[in-house]
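Structure first, commentary second.
The values are calculated or read from the model by the stated rules, or taken from the named source; none is laboratory data. The model shown is predicted, which means the values in this text are computed figures rather than measured ones. Cβ sites come from the backbone with ideal geometry, for glycine too, and all protein chains shown count toward neighbours.
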Amino acid sequence: MRNSSPKKLNFSQCLAIGLGNIIGAGIFVLAGTTIDAAGPSAILAFILTAILATTVGLNSAELSSKFPKVEGGVYSFAKVILGDTVGFLVGFLRLISYAISGSAVALGFSGYLIAFNLPIFLYYPIAAVLIVILGLIEMHGLRFTAKFEQIFVAFNIIGLVIFSLVAILYSHYNPNNFYPFAPYGLNGILQASAIAFFAYSGFNTIATLTPDVENGEKVVPKAIIASLFISSSLYILVIVSLLLAMNWGFYGLQSNPLSIALSSIHAPYWVVLIVGLSALTSTLSVTLSLIVAGSRTLKQMATDALLPNYLGRNNKISTAIIIFIMLLSLFLGNVESIALVANFGVIFSYLLSGIEVFFARRRKIKSTFNSPGYPAIQILSIALSSLMLIVLGNLSLELGILTLIAGLIIHVIHEEIKSNRKILNK
């Protein structure tokens with residue numbers, strides 16, 4: 001019987017890092033926004049999004065099993081199967097997504113603290129300090145990082161379960177809370193699905209861990225599927241609980257829907273406190289997980305020579321660069337526009353995952369895990385991802401395409417420099 005390597009992650013640690021990115025600030029903040037967009041049919045929106053996330057998750061699970069020695073997740077899958085150019089573009093978009101998302105979530109943490117009457121001038125410094133501290137934690141290694149994520153994730157899950165149980169027990173069922181069920185029709189459900197999708201998208205972090213997980217080609221697929229099952233169940237439970245607690249029309253665009261719901265049913269103060277602390281802790285878990293995914297993608301791109309190779313010499317260098325990019329991202333002017341680019345990048349990379357499974361199967365690349373329902377699952381993932389890209393709107397598509405063009409120019413210049421160096425070294 002093979003002994004487990006003390007330096008590698010086990011299933012629970014791998015799952016914790018993934019859940020740290022999925023069960024984060026998104027559900028604490030965006031749940032009310034999805035209800036505002038779709039009314040009570042936000043339940044259907046989360047179910048639709050869970051289906052999309054599951055199809056993409058099955059793709060990622062199969063691909064991580066086929067390529068257990070790469071760290072870049074969706075970037076590496078695109079690079080190995082679809083070539084260097086497509087791989088670079090996916091990696092480029094994902095690095096933007098990790099950096100922007102990480103800085104935005106860190107600002108969310110800062111915003112929570114400022115709400116406790118801290119001076120407003122500390123808004124950016126708090127976020128910057130948080131990013132640096134979490135980056136230093138990641139530099140201590142994955143096992144050290146996983147211990148923090150296990151604590152954060154456990155507390156987040158406990159907070160959401162307590163919220164749901166209290167909301168169900170303290171609420172008095174009112175059918176008007178669910179009427180009209182779909183006030184904005186199919187368009188509202190699709191808009192809410194696009195919002196909800198980003199509460200699920202963190203499972204790709206697990207796919208970046210495969211080389212550092214004991215028996216990764218078997219464990220990582222299980223962790224991806226488990227993370228989606230746990231997060232989907234919790235999310236749908238939270239949405240139902242919110243609707244039981246209060247009429248859907250009162251949520252609006254409030255950034256603290258769970259606290260509002262607890263206030264409306266006069267929940268005990270200790271419950272409000274635990275849920276509030278869970279929301280705060282979730283920003284820590286997501287930011288840390290994004291640093292992990294970003295640094296490993298950057299390191300793998302440098303190792304593959306798609307970026308200068310000195311960036312991939314060790315994990316501390318790649319982590320330091322991701323921290324630096326996140327710190328710069330704190331001061332971006334139009335964060336909303338850049339967030340649209342980040343959203344485009346996430347869905348674009350997931351759309352490709354179904355295509356990659358097709359190519360991998362045709363090449364008969366062996367794996368210990370194969371997605372069930374092939375090829376229907378892959379067709380569904382491509383179709384739903386395409387639908388989500390359309391729902392994001394024209395601005396997101398336009399900015400996304402411009403970013404792809406910019407990435408292509410950077411890639412061509414880098415390849416030209418590499419080619420010239422080879423000629424000079426001969």
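Sort out which residues of region 148-204 are in a loop (DSSP other than H, G, I, E, B) and touching a residue at least 60 places away in the same chain (Cβ under 8 Å), and write them in order of number. Give the steps one after another, and end with the answer.
Filtering region 148-204 down to residues in a loop (DSSP other than H, G, I, E, B) leaves 171-174, 179-184, 198-200.
Listed by number, the residues that qualify are Ser171, Tyr173, Asn174, Tyr179, Pro180, Phe181, Ala182, Pro183, Tyr184, Phe198, Ala199, Tyr200.
Do you know which of the residues in region 280-302 that are surrounded by fewer than 24 Cβ atoms within 10 Å (Cβ to Cβ) and either touching a residue at least 60 places away in the same chain (Cβ under 8 Å) or of a type in the set (Phe, Trp, Tyr) (or both) is nearest to Gly32 (Cα to Cα)?
Of everything passing the filter in region 280-302, Leu280 is nearest to Gly32 (Cα to Cα).
I'm checking my understanding of the structure. Among residues of region 152-172 that are farther than 15 Å from Ile236 by Cα and of a type in the set (Val, Ile, Thr), which one is farthest from the chain's Cα centre (by Cα)?
Selected residue: Val166.
Can we say Leu280 is under 19 Å from Asn156 (Cβ atoms) and either basic (Lys, Arg) or part of a helix (DSSP H, G or I) (or both)?
Criteria met by Leu280.
Anything in region 112-126 that is under 18 Å from Val29 (Cα atoms) and assigned to a helix (DSSP H, G or I)? List them, or say none.
Once the filter is applied, which keeps residues that are under 18 Å from Val29 (Cα atoms) and assigned to a helix (DSSP H, G or I), region 112-126 yields Tyr112, Leu113, Ile114.
With Phe197, Phe250, Phe229 as the choices, which residue is surrounded by 24 or more Cβ atoms within 10 Å (Cβ to Cβ) and out of contact with any strand residue (DSSP E or B) (no Cβ under 7 Å at 6 or more places or on another chain)? Quick ask: steps written out before the conclusion?
On the way: Phe250 fails: surrounded by 24 or more Cβ atoms within 10 Å (Cβ to Cβ); Phe229 fails: surrounded by 24 or more Cβ atoms within 10 Å (Cβ to Cβ).
Of the residues listed, the single one that is surrounded by 24 or more Cβ atoms within 10 Å (Cβ to Cβ) and out of contact with any strand residue (DSSP E or B) (no Cβ under 7 Å at 6 or more places or on another chain) is Phe197.
Tell me yes or no: at least one residue of region 229-236 is within 15 Å of Thr55 (Cα to Cα), of a type outside the set (Ser, Thr, Tyr), assigned to a helix (DSSP H, G or I) and modelled with pLDDT of 85 or more.
yes
What about Leu311, is it part of a helix (DSSP H, G or I), within 19 Å of the chain's Cα centre (by Cα) and under 25 Å from Leu134 (Cα atoms)?
no
Among (1) charged (D, E, K, R); (2) surrounded by 14 or more Cβ atoms within 10 Å (Cβ to Cβ); (3) touching a residue at least 24 places away in the same chain (Cβ under 8 Å), which single condition is Lys366 missing?
Lys366 satisfies every listed condition except (2).
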